[in-house]
Amino acid sequence: MKKRLLTLAMAAGLLPLTASAAEVKFINQSSWDIYEIYFSPTNQDEWGEDYLGEDVLEHGDSLTLTDVAPGHWDVRLIDEDDDPCILKNVSITVDDTWAINDEDLLTCQINS
């Protein structure tokens, strides 16, 4: 799986920005809707607030975030079945595209 979701939190203002801001596109190619997205610096045990709030990243939808800080972060996704998916130490680079598909989401849930 391309581990690039963490940039979403940085663009949302949940994570610090740097001088080398980027634009990141997240694409939900899975069969499930994503209801919650959380971020945490890799050296912390607590998650930030739910990035999506009342919104849902539906199957087939994409979300583009700007002013993203490259770095390493942990990401937690919750799908429509309330299944968690935790990605540890995700590396974010400048101008990323990150897509999650069925195989990626199921593998992540097994390992979370």
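Rundown of residues vs (1) in contact with a Lys or Arg (Cβ under 7 Å, 6 or more places away or on another chain); (2) on the phi > 0 side of the Ramachandran plot; (3) surrounded by fewer than 16 Cβ atoms within 10 Å (Cβ to Cβ); (4) charged (D, E, K, R), yes/no style:
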| position | (1), (2), (3), (4) |
| --- | --- |
| Asp81 | no, no, yes, yes |
| Pro84 | yes, no, yes, no |
| Leu87 | yes, no, no, no |
| Asp96 | yes, no, no, yes |
| Asp102 | no, no, yes, yes |
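The residue that is surrounded by the fewest Cβ atoms within 10 Å (Cβ to Cβ), counting only those in the stretch 39-64 that are among the aromatic types (Phe, Trp, Tyr) and free of Cβ contacts under 8 Å to residues at least 40 places away in the same chain, is Trp47.
Taken together, the values in this text are just the output of simple stated rules run on the coordinates, not laboratory data. On a predicted model such as this, the values are computed, not experimentally measured, just so you know. So basically every Cβ, Gly included, is an ideal-geometry build from the backbone, and we count neighbours across all protein chains shown.
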